[in-house]
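For reference, the structure discussed in these notes is given below.
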Amino acid sequence: MDSPGYNCFVDRNKMDASIQDLGPKELNCTELQELKQLARQGYWAQSHALRGKVYQRLIRDIPCRTVTPDASVYSDIVGKIVGKHSSSSLPLPEFVDNTQVPTYCLNTRGEGAVRKILLCIANQFPDISFCPALPAVVALLLHYSIDEAECFEKACRILACNDPSKKLIDQSFLAFESSCMTFGDLVNKYCQAAHKLMVAVSEDVLQVYSDWQRWLFGELPLNYFARVFDVFLVEGYKVLYRVALAILKFFHKVRAGQPLESDNVKQDIRVFVKDIAKTVSPEKLLEKAFAIRLFSRKEIQLLQMANEKALKQKGITVKQKRQFVHLAVHAENFRSEIVSVKEMRDIWSWIPERFALCQPLLLFSSLQHGYSLTRFYFQCEGHEPTLLLIKTTQKEVCGAYLSTDWSERNKFGGKLGFFGTGECFVFRLQPEVQRYEWVVIKHPELTRPTSFKSSETAAAPSLLSHSVSSDPADRLSPFLAARHFNLPSKTESMFMAGGNDCLIIGGGGGQALYIDGDLNRGRTGHCDTFNNQPLCSENFLISAVEAWGFQDPDTQ
């Protein structure tokens with residue numbers, strides 16, 4: 001225990017019990033791909049000294065602002081900032097949002113040192129307004145730093161990273177909140193069983209997901225968090241999403257079919273994460289995290305920007321109480337001839353987070369506006385996205401979430417042409433609930449990205465300004481138009497089409513939904529776009545049709 005990573009800040013007995021110093025002493029790897037593999041495998045995880053050296057090297061190589069505070073700055077300012085206060089009584093900076101400092105294996109002096117370092121960081125980074133993850137990062141780094149000044153310098157380099165492609169830690173409420181929304185989007189797409197459980201047991205599912213960073217930065221035991229941090233320093237922010245999704249998958253596996261220990265699922269997950277060693281090892285957690293087939297960096301980047309844009313448009317840039325998904329559909333104001341409030345809330349839990357902040361707005365009702373496809377288009381044009389609901393004469397209920405304005409159909413000169421994006425999905429509610437998403441989400445191997453310009457994007461034209469690599473690791477978000485993908489055939493990109501005589505959702509080998517021009521008859525079957533089962537009786541008569549838009553609550 002004489003390695004330079006351990007000093008008077010660490011309770012050595014706790015540290016010995018947490019991580020045995022049994023691993024290799026040197027790391028000669030220089031290739032990024034090999035370094036990724038070693039980080040995931042935990043090559044330096046069992047060596048105190050080697051982990052300290054690796055952290056020093058990885059953090060030193062982070063591209064930073066020209067002027068980034070270093071150890072000498074800390075030595076100059078710490079006395080002035082701390083003054084005569086006892087370290088243990090020092091207040092935490094406001095930007096940590098009353099987050100408790102994780103003790104990990106720190107002794108009393110170490111806990112006080114974390115507070116001193118945080119106050120000095122606040123002095124040097126006045127632009128940081130919200131960063132609840134920072135206490136955990138500083139507490140971990142202190143285990144692998146010779147002194148406070150070195151720990152301060154490492155934390156500053158992480159905060160001062162200026163590589164736009166390498167996001168590390170959220171430093172504003174806007175960034176933090178949009179990250180929470182992005183996590184909700186990813187859960188919705190890639191952990192549907194867990195998401196279904198969260199919707200069933202939680203009053204406001206987005207509030208549960210807003211806790212995801214706390215699971216990692218504070219609740220995870222030290223040996224787990226350190227393993228996550230090893231990979232995070234090599235691969236970046238996407239690792240955090242992956243591990244949090246894996247945690248949720250394990251929580252669902254353990255708790256599915258069992259009563260929750262409290263009536264607060266948010267608290268139950270925190271308890272589960274603290275005691276995660278009872279369920280899964282650090283190796284199994286990371287193995288599960290990297291087995292999740294995400295669209296990788298690009299989807300996360302695009303969703304983050306889209307969610308941030310939605311928050312800005314609603315004026316949510318500083319900490320305030322947000323409106324959660326279950327509260328977006330108010331029983332006293334909601335009226336539908338097709339679905340109940342509970343069913344609409346279930347649908348609302350499926351839609352992208354940036355629209356879950358909105359209220360449902362009835363655009364078209366066949367019972368009010370008549371059974372006319374022309375009137376349907378007239379009522380829906382100018383709204384994006386929209387929600388289509390259908391009730392058959394057999395009381396079956398199905399529908400579709402449609403990402404793109406129906407006015408796009410006019411670009412085909414009167415001919416039937418498909419448009420829309422991979423965020424479209426189809427579903428049925430009666431007799432049983434089932435959602436079918438774009439087939440590429442479940443099978444990303446079907447596609448590889450192609451270069452594009454920002455002016456070509458259908459869903460968010462202002463979000464991107466550069467071409468995208470064809471590297472399979474950079475698979476694109478489904479919220480881009482299908483033309484940005486190299487698909488083996490067009491059948492996987494037939495999202496929505498509309499003409500004077502019919503409306504079609506999904507195509508290729510069949511149609512998920514077909515509705516005639518009089519809104520009287522329809523049919524449903526398997527289609528290649530969504531790989532769905534029939535949404536109701538294959539040939540059906542229509543009792544009612546509704547189209548819903550998404551209204552910003554501030555504009556009501």
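The values are calculated or read from the model by the stated rules, or taken from the named source; none is laboratory data. All of these numbers come straight from a predicted model, not from anything done at the bench. Positions of Cβ are backbone-derived with ideal geometry, glycine not excepted, and every protein chain shown enters the neighbour counts. Keep in mind that these areas ignore ligands, DNA and RNA; they rest on the heavy atoms of the full protein, side chains included. Shrake-Rupley method; radii C 1.70, N 1.55, O 1.52, S 1.80 Å.
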Exercise. What residue, of A244, A194, is of a type outside the set (S, T, N, Q) and either surrounded by fewer than 22 Cβ atoms within 10 Å (Cβ to Cβ) or at positive phi (or both)?
Worked result: A194
For this session: For residues that are touching a residue at least 60 places away in the same chain (Cβ under 8 Å) and open to solvent by 40 Å² or more (accessible area, probe 1.4 Å), scanning just segment 85-106, find the one that is farthest from F125 (Cα to Cα).
Result: Q100
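Matching residues to (1) open to solvent by 70 Å² or more (accessible area, probe 1.4 Å); (2) at pLDDT below 80; (3) under 14 Å from F495 (Cβ atoms); (4) of a type in the set (F, W, Y):
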residue: K415; (1), (2), (3), (4): yes, no, no, no
residue: G420; (1), (2), (3), (4): no, no, yes, no
residue: E423; (1), (2), (3), (4): no, no, yes, no
residue: V426; (1), (2), (3), (4): no, no, yes, no
residue: L429; (1), (2), (3), (4): no, no, no, no
residue: K442; (1), (2), (3), (4): yes, yes, no, no
residue: S455; (1), (2), (3), (4): yes, yes, no, no
residue: P461; (1), (2), (3), (4): yes, yes, no, no
Exercise. If you take the residues in segment 521-550 that are over 21 Å from T421 (Cβ atoms) and polar (S, T, N, Q), which one is least open to solvent (accessible area, probe 1.4 Å)?
Worked result: T524
Problem set entry | Positions within segment 32-84 being hydroxyl-bearing (S, T, Y), more than 20 Å from A160 (Cα to Cα) and open to solvent by less than 80 Å² (accessible area, probe 1.4 Å), in sequence order | S47
Exercise. Given the residues Q207, Q213, Q267, which is the only one that is in a helix (DSSP H, G or I) and free of Cβ contacts under 8 Å to residues at least 12 places away in the same chain?
Worked result: Q267
For this session: Sort out which residues of segment 62-105 are among the charged types (D, E, K, R), within 27 Å of the chain's Cα centre (by Cα) and over 18 Å from C156 (Cα atoms), and write them in order of number.
Result: D97
For this session: Would you mind finding the one in D147, D127 that is in contact (Cβ under 8 Å) with a residue 24 or more places away in the chain, surrounded by fewer than 19 Cβ atoms within 10 Å (Cβ to Cβ) and under 19 Å from Q56 (Cβ atoms)?
Result: D147
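Conditions tested, residue by residue: (1) open to solvent by 30 Å² or more (accessible area, probe 1.4 Å); (2) at pLDDT below 95; (3) of a type outside the set (A, V, I, L, M, F, W, C).
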{"site": "S210", "(1), (2), (3)": "no, yes, yes"}
{"site": "R214", "(1), (2), (3)": "yes, no, yes"}
{"site": "D230", "(1), (2), (3)": "no, no, yes"}
{"site": "G236", "(1), (2), (3)": "no, yes, yes"}
{"site": "L248", "(1), (2), (3)": "no, no, no"}
{"site": "A256", "(1), (2), (3)": "yes, yes, no"}
{"site": "N264", "(1), (2), (3)": "yes, yes, yes"}
{"site": "Q267", "(1), (2), (3)": "yes, yes, yes"}
{"site": "D275", "(1), (2), (3)": "yes, no, yes"}
Exercise. Scanning segment 292-324 for residues that are β-branched (V, I, T) and modelled with pLDDT under 75, which turns out surrounded by the most Cβ atoms within 10 Å (Cβ to Cβ)?
Worked result: I316
For this session: Would you check if K166 is in contact with a Gly (Cβ under 7 Å, 6 or more places away or on another chain) and either at pLDDT 95 or above or farther than 22 Å from I77 by Cβ (or both)?
Result: yes
Problem set entry | L50 being of a type outside the set (G, A, S), within 18 Å of A155 (Cβ to Cβ) and either in contact with a Pro (Cβ under 8 Å, 6 or more places away or on another chain) or not in a helix (DSSP H, G or I) (or both) | no
For this session: Only residues in segment 229-241 that are at negative phi count as the first member; pair them with residues that are in a loop (DSSP other than H, G, I, E, B) and hydroxyl-bearing (S, T, Y), Cβ under 9 angstrom, at least 6 apart or cross-chain, and list the lot.
Result: D230/Y43
Exercise. What strands (runs of 3 or more DSSP E) lie completely within segment 352-412 and have 3 or more residues being in contact (Cβ under 8 Å) with a residue 24 or more places away in the chain, among the β-branched types (V, I, T) and open to solvent by less than 40 Å² (accessible area, probe 1.4 Å)?
Worked result: 386-392
Problem set entry | Every residue from segment 131-165 that is aliphatic (A, V, I, L, M) and not in a helix (DSSP H, G or I) | A133, I146, A160
For this session: Report, ordered by the first and then the second residue, all pairs with beta carbons closer than 6 Å, sequence separation of six or more or different chains, a first member in segment 47-71 that is at positive phi and among the aliphatic types (A, V, I, L, M), and a second member that is crowded, with 17+ Cβ neighbours inside 10 Å and in a helix (DSSP H, G or I).
Result: none
Exercise. Looking at segment 65-118, which of its residues are of a type in the set (F, W, Y) and not in a loop (DSSP other than H, G, I, E, B)?
Worked result: Y74, F95
Exercise. How many residues are under 15 Å from G184 (Cβ atoms) and polar (S, T, N, Q) if we restrict to segment 336-365?
Worked result: 1
Exercise. Exactly one of (1) modelled with pLDDT of 95 or more; (2) farther than 22 Å from A512 by Cβ is unmet by L387. Its number?
Worked result: (2)
